[in-house]
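The values are calculated or read from the model by the stated rules, or taken from the named source; none is laboratory data. Nothing here was measured: the structure is a model prediction, and the numbers come from that model. Cβ placement follows ideal geometry from the backbone for every residue including glycine, while neighbour counts extend to all protein chains displayed.
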Amino acid sequence: MSPLAGRFAPAPRGLQGVLVTPPDKSISHRAALFAAIGEGEVRIENYLHAADTNATLAAVAKLGATVSASPGELLVRGVGLRGARQPQDAIDVENSGTLLRLLPGWLAGQEGRSFTLDGDESIRRRPVDRIALPLREMGARIECTDERLPPLSIFGGALHGVTYVLPVASAQVKSCVLLAGLLAGATTTVIEPSPTRDHTERMLLAAGVSVTRDGGRITLEPPERLSLERVSVPGDPSSAAFWIAAGLLIPGSHLIIENVGANWRRSGFVEIARRMGGQIEGEIEAADAPLSDRDPVTTLEVKGSRLHATTVEPEEIAQAIDELPLVALLGCFAEGTTVVRGAAELRVKESDRIATVAQALGALGGAIEPSDDGFAVTGAGSLRGGAMSSHGDHRLAMLGAIAGLASREGVEVAGMDAAHVSYPGFTADLARLAA
């Protein structure tokens with residue numbers, strides 16, 4: 001096995017060991033952003049230093065926040081709710097869709113100032129019309145390419161509260177509207193069609209903001225200021241999902257994953273994998289748990305398992321959106337046909353993850369049929385292996401590596417360096433667990 005070359009050979013003895021996954025990417029983004037919006041200094045423990053989240057640090061620094069890092073922690077001194085500095089040139093979000101969609105909510109309320117957000121080639125293909133629409137309803141002036149694509153220009157102004165019904169369940173759009181609601185003149189309410197990750201609501205509560213949740217209805221009262229002193233970022237369940245998949249698929253594996261986030265709105269993959277027969281021990285937050293000001297953590301124990309097919313329904317998609325490519329991988333080894341439907345959101349990720357996952361797994365010997373909003377995978381109990389491209393997508397790169405370990409012949413992954421977007425130490429962890 002030579003991870004640096006992108007070649008991943010079968011692991012006949014399975015994976016063994018204890019690991020802590022990288023800090024949660026979604027929470028790291030929000031911690032840096034809320035610290036910048038707040039007043040005073042915020043201590044962020046276990047911040048994820050990866051390409052996407054470092055783009056957020058660079059962005060808030062460009063807007064006037066002071067950022068300093070030392071081993072194990074990050075200090076951010078904010079500029080206050082209305083104190084964002086107008087930069088001289090565009091804010092580079094690089095490849096971060098989270099930053100692209102959350103930051104405009106805050107910037108839209110910076111009266112008398114304008115801001116432009118731009119990024120790499122991939123980000124310029126990711127739609128922003130879904131945030132532009134509610135921000136315009138709140139009184140913001142937003143301009144984007146062809147009315148839907150970056151670069152995105154925001155002209156700050158006075159905002160008013162709205163009740164906004166999300167047409168599609170999206171934590172990023174919900175968060176953008178709630179951030180704008182911090183600067184609105186009255187109450188802001190977001191109604192989501194199905195539950196999405198709620199890190200924004202939890203962090204707002206921790207910062208002293210009045211946020212309530214009644215079913216799918218989230219209501220925010222605009223505060224005078226944000227007061228956030230300390231954030232401790234748990235391990236990322238989306239990163240842990242790759243090791244869960246590897247542990248289940250490779251016979252003889254036994255993995256312990258410590259300090260991983262156990263928010264039930266991020267744990268859809270664990271529940272799907274368990275439903276497929278996966279041996280995964282560990283407590284996940286209850287679905288009816290009240291809104292809290294922090295994310296719970298857990299330890300997961302994973303063992304090699306014999307899997308059977310399942311169907312993932314539309315109402316489950318939001319809780320597993322980033323892990324659905326791994327559901328496809330599990331489906332290649334499961335008995336029967338695994339179906340995912342209602343996941344059209346996959347087409348506007350870092351790559352078109354319906355098309356690229358189908359192409360990749362098909363090239364490795366999998367029987368996968370894409371649809372407009374998902375896919376169907378007929379399992380054969382194994383995967384041949386071969387060669388595939390990451391298409392610059394970090395999750396596809398890591399999927400290819402796990403497929404290689406579980407395959408008969410191994411997998412060559414072109415563009416493995418894409419994993420650095422969210423998991424810089426992925427290949428080192430892989431080598432250690434396979435040793």
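Only one of (1) assigned to a loop (DSSP other than H, G, I, E, B); (2) out of contact with any Gly (no Cβ under 6 Å at 6 or more places or on another chain); (3) at pLDDT 95 or above fails for Arg274. Which number is that? Checking Arg274 against (1) assigned to a loop (DSSP other than H, G, I, E, B); (2) out of contact with any Gly (no Cβ under 6 Å at 6 or more places or on another chain); (3) at pLDDT 95 or above, the one that fails is (1).
Just for the range 150-168: of the residues that are in a strand (DSSP E or B) and either touching a Lys or Arg at 6+ places or on another chain (Cβ under 6 Å) or at pLDDT below 95 (or both), which one is farthest from Asn95 (Cα to Cα)? The qualifying residue farthest from Asn95 (Cα to Cα) is Phe155.
Considering each residue of the range 181-189 in turn, none proves to be under 30 Å from Glu285 (Cα atoms), assigned to a helix (DSSP H, G or I) and within 22 Å of the chain's Cα centre (by Cα).
Going through the range 358-384 one residue at a time, which ones are among the hydroxyl-bearing types (Ser, Thr, Tyr) and under 16 Å from Phe333 (Cβ atoms)?
Residues of the range 358-384 among the hydroxyl-bearing types (Ser, Thr, Tyr): 371, 378, 382.
Result: Thr378, Ser382.
Tallying residues that are surrounded by 17 or more Cβ atoms within 10 Å (Cβ to Cβ) and under 23 Å from the mean Cα position of the chain (by Cα) within the range 348-370 yields 13.
A quick yes/no check of all residues on (1) on the phi > 0 side of the Ramachandran plot; (2) in contact with a Ser or Thr (Cβ under 9 Å, 6 or more places away or on another chain):
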{"position": "Gly252", "(1), (2)": "yes, no"}
{"position": "Ala262", "(1), (2)": "no, yes"}
{"position": "Arg266", "(1), (2)": "no, yes"}
{"position": "Asp288", "(1), (2)": "no, no"}
{"position": "Glu301", "(1), (2)": "no, no"}
{"position": "Asp322", "(1), (2)": "no, yes"}
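Please state which one of Ala108, Ala171, Ala132, Ala90 is among the aliphatic types (A, V, I, L, M), in contact (Cβ under 8 Å) with a residue 60 or more places away in the chain, surrounded by fewer than 24 Cβ atoms within 10 Å (Cβ to Cβ) and closer than 28 Å to Glu350 by Cβ. Quick ask: steps written out before the conclusion?
On the way: Ala108 fails: surrounded by fewer than 24 Cβ atoms within 10 Å (Cβ to Cβ); Ala171 fails: surrounded by fewer than 24 Cβ atoms within 10 Å (Cβ to Cβ); Ala132 fails: in contact (Cβ under 8 Å) with a residue 60 or more places away in the chain.
The conditions single out Ala90.
Determine whether Ala31 is over 13 Å from Val231 (Cβ atoms) and of a type outside the set (Lys, Arg). Judged against the criteria, Ala31 is not a match. For the range 331-347, the count of residues that are of a type outside the set (Gly, Ala, Ser), over 24 Å from Ala169 (Cα atoms), touching a Leu at 6+ places or on another chain (Cβ under 6 Å) and surrounded by 24 or more Cβ atoms within 10 Å (Cβ to Cβ) is nonzero.
Tallying residues that are on the phi > 0 side of the Ramachandran plot and either modelled with pLDDT under 95 or assigned to a loop (DSSP other than H, G, I, E, B) (or both) within the range 354-399 yields 5.
Search the range 228-253 for residues being in a helix (DSSP H, G or I) and not small (Gly, Ala, Ser), and hand back the single one that is surrounded by the fewest Cβ atoms within 10 Å (Cβ to Cβ). Explain how you work it out, then say what you get.
Looking only at the range 228-253, we keep the residues that are in a helix (DSSP H, G or I), and these are 237-249.
Restricting the remaining residues to those that are not small (Gly, Ala, Ser) gives 237, 242-244, 248-249.
Working: Pro237: 31, Phe242: 24, Trp243: 26, Ile244: 26, Leu248: 29, Leu249: 28.
Top of the filtered list is Phe242.
Annotation: of all residues in the range 278-295 being of a type in the set (Asp, Glu) and assigned to a loop (DSSP other than H, G, I, E, B), the one that is nearest to Glu229 (Cα to Cα) is Asp293. Give the number of residues within the range 207-226 that are among the aliphatic types (A, V, I, L, M) and within 13 Å of Glu39 (Cα to Cα). Residues flagged as among the aliphatic types (A, V, I, L, M) and within 13 Å of Glu39 (Cα to Cα) within the range 207-226 amount to 2. Of the residues making up the range 190-201, just one is of a type in the set (Val, Ile, Thr) and in a loop (DSSP other than H, G, I, E, B), namely Thr196.
Within the range 315-353, the residues that satisfy the criterion of being outside any helix (DSSP H, G or I), in contact with a strand residue (DSSP E or B) (Cβ under 8 Å, 6 or more places away or on another chain) and of a type in the set (Gly, Ala, Ser) are Ala320, Ala334, Gly336, Gly342, Ala343. How many of the residues in the range 114-124 are assigned to a loop (DSSP other than H, G, I, E, B) and not acidic (Asp, Glu)? Total satisfying the criteria: 2. Within the range 285-317, if we keep just the residues that are crowded, with 22+ Cβ neighbours inside 10 Å and hydrophobic (A, V, I, L, M, F, W, C), the residue that is nearest to Leu204 (Cα to Cα) turns out to be Ile317.
Give the residues of the range 237-262 that are touching a strand residue (DSSP E or B) at 6+ places or on another chain (Cβ under 7 Å) and under 25 Å from Phe333 (Cα atoms), sorted by residue number. Break it down stepwise before answering.
Here is the first cut: in the range 237-262, the ones touching a strand residue (DSSP E or B) at 6+ places or on another chain (Cβ under 7 Å) are 237, 240, 243-244, 247-248, 253-262.
Listed by number, the residues that qualify are Pro237, Ala240, Trp243, Ile244, Gly247, Leu248, Ser253, His254, Leu255, Ile256, Ile257.
So, Gly261, is that one surrounded by 21 or more Cβ atoms within 10 Å (Cβ to Cβ), modelled with pLDDT of 95 or more, of a type in the set (Gly, Ala, Ser) and touching a Gly at 6+ places or on another chain (Cβ under 8 Å) or not? For Gly261, the condition - surrounded by 21 or more Cβ atoms within 10 Å (Cβ to Cβ), modelled with pLDDT of 95 or more, of a type in the set (Gly, Ala, Ser) and touching a Gly at 6+ places or on another chain (Cβ under 8 Å) - is met.
Would you mention how many residues in the range 149-172 are farther than 16 Å from Gly109 by Cα and under 23 Å from the mean Cα position of the chain (by Cα)?
Of the range 149-172, the ones farther than 16 Å from Gly109 by Cα are 149-151, 163-172.
Still in the running and under 23 Å from the mean Cα position of the chain (by Cα): 149-151, 164-172.
Going through the range 149-172 one residue at a time, the tally reaches 12.
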